[in-house]
Amino acid sequence: EDQVTQSPEALRLQEGESSSLNCSYTVSGLRGLFWYRQDPGKGPEFLFTLYSAGEEKEKERLKATLTKKESFLHITAPKPEDSATYLCALLYSNTGNQFYFGTGTSLTVIP
Amino acid sequence: GAGVSQSPSNKVTEKGKDVELRCDPISGHTALYWYRQRLGQGLEFLIYFQGNSAPDKSGLPSDRFSAERTGESVSTLTIQRTQQEDSAVYLCASTFSVTDTQYFGPGTRLTVL
């Protein structure tokens with residue numbers, strides 16, 4: 001059973017069309033949930049860390065939220081430069097140093 | 001340097017050969033991760049180093065894989081007797097601790113023919 005599920009796999013938005021990406025998890029004992037952005041041919045770039053349910057973080061057009069079972073990455077009025085793959089990663093209290101990454105959501109923002 | 005660097009950026013090898021991948025972390029970062037990213041898949045944890053502690057090798061897929069790091073310096077990931085299923089991008093990340101922000105290198109794309 002997958003530890004982390006991201007949806008949708010791919011998302012196409014018109015410039016300015018707001019939407020949300022989802023990261024859901026099934027295992028309890030979350031130590032932290034991390035959001036990354038990955039551009040083609042590059043390593044992931046850190047966006048946010050969330051540690052507890054109810055926590056929210058914002059950066060420019062992005063806002064990350066966390067509940068007990070899932071996290072959302074909200075993108076408000078996206079621009080073409082927001083096109084990338086967005087990854088979430090989970091760190092659990094009973095799995096030591098091992099991070100579990102989702103397969104990502106590929107976002108394309110059309111001008 | 002300003003960020004994490006990895007070399008080579010691309011490596012093509014023949015099945016059965018050994019390969020060595022290098023990671024130069026950000027100066028001062030005591031912790032270092034190696035990940036594998038297969039096409040269309042998420043990052044797969046391989047190994048974690050923290051200072052002079054024993055590394056967490058729980059993610060290494062087989063005994064053909066090994067990694068070394070001396071103190072807080074360069075790390076090398078070695079894959080012996082490469083197989084076609086080893087083809088992937090190998091990413092390295094450095095950080096201060098397991099709960100801190102990880103800074104990733106650009107990765108090494110390994111192709112095993």
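The values are calculated or read from the model by the stated rules, or taken from the named source; none is laboratory data. Predicted model only: the values in this text are computed from it and were never measured. Please note: Cβ atoms are built from the backbone with ideal geometry, for glycine as well, and neighbour counts cover all protein chains shown. The area values use the complete protein model at the heavy-atom level, side chains included, leaving out ligands, DNA and RNA. Shrake-Rupley method; radii C 1.70, N 1.55, O 1.52, S 1.80 Å.
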Bins of 10 Å from zero: percent of alpha-carbon pairs in segment B:44-87: 26, 53, 19, 2
Chains B and A, summed buried accessible surface - 1.4 Å probe, Å², nearest 100: 1500
For segment A:2-111, which trypsin sites (Lys or Arg not before Pro) are in a loop by DSSP, counting at most 16 other Cβ atoms within 10 Å? A:Lys42, A:Arg61, A:Lys68, A:Lys69
Taking the reciprocal of mean 1/r across every pair of different Cα atoms in the protein assembly as shown, the Kirkwood radius in Å is 18.1
Can you pull the percent of segment B:27-111's accessible area that's carbon plus sulfur, 1.4 Å probe, other chains left in place? 46
Calculated from backbone phi, Karplus (6.51, -1.76, 1.60) coupling profile of segment B:97-113 in Hz, x at Gly/Pro: 7, 5, 9, 8, 4, 9, 10, 9, x, x, x, 10, 8, 9, 10, 10, 8
Partner shielding of B:34-47, as the mean number of partner chain Cβ atoms within 10 Å, equals 4
Choose one answer from A:Thr85, A:Thr49, A:Thr26: the residue with the largest mean-square fluctuation in a GNM of chain A with alpha-carbon springs under 10 Å. A:Thr26
Among B:Gly40, B:Gly28, B:Gly71, determine the one that fluctuates most according to a GNM of chain B built with springs between C-alpha atoms less than 10 Å apart. B:Gly40
Taking placed amide H atoms and a strict 5 Å upper bound, the residues 5 or more places from A:Asn97 or on another chain that come that close are none
Once phi is turned into ³J(HN,Hα) by the Karplus curve 6.51 cos²θ - 1.76 cosθ + 1.60 with θ = phi - 60°, what whole-Hz value does each residue of segment A:12-19 show in order, with x for glycine and proline? 10, 10, 6, 3, x, 8, 6, 6
P(r) over all Cα-Cα pairs of chain B, 5 Å bins from 0 to the longest distance, whole percent per bin, short to long, reads 2, 13, 24, 27, 19, 10, 4, 1
Per-residue accessible area for B:Glu68 at 1.4 Å probe radius, Å² rounded to 10? 130
When only C-alpha pairs under 8 Å and at least 6 residues apart count, what is the relative contact order of chain A, in percent? 36
Selected from B:Ser94, B:Ser75, B:Ser62 as most flexible by GNM, with chain B as the system and alpha-carbon contacts under 10 Å: B:Ser62
Just need the relative contact order of chain B here, percent rounded to a whole number, with Cα pairs under 8 Å and 6+ apart. 38
At q = 0.11, 0.13, 0.21 Å⁻¹, work out log10 I(q)/I(0) for chain A with the Debye formula, treating every Cα as an identical point scatterer and leaving solvent out; two decimals please. -0.32, -0.44, -1.12
Could you go through segment A:93-107 in sequence order and give the Karplus-derived ³J(HN,Hα) for each residue, using 6.51 cos²θ - 1.76 cosθ + 1.60 with θ = phi - 60°, rounded to whole Hz, and x for Gly and Pro? 6, 9, 10, x, 9, 7, 8, 10, 9, x, 7, x, 10, 8, 9
Please list the equivalent ellipsoid semi-axes of segment A:59-111, computed as the square roots of five times the alpha-carbon gyration tensor eigenvalues, in descending order and whole angstrom. 26, 13, 8
Just counting partner chain Cβ atoms within 10 Å, what average do the residues of peptide A:32-41 show around their Cβ? 2
Amide H proximity to B:Ile47 below 5 Å, modelled H, separation 5+ or other chain, gives B:Trp34
Can you give the average number of partner chain beta-carbon atoms within 10 Å of each beta-carbon in peptide B:98-108, as a whole number? 5
Among A:Leu11, A:Asn94, A:Leu47 the positive-end extreme of the charge dipole of the protein assembly as shown (Cβ point charges): A:Asn94
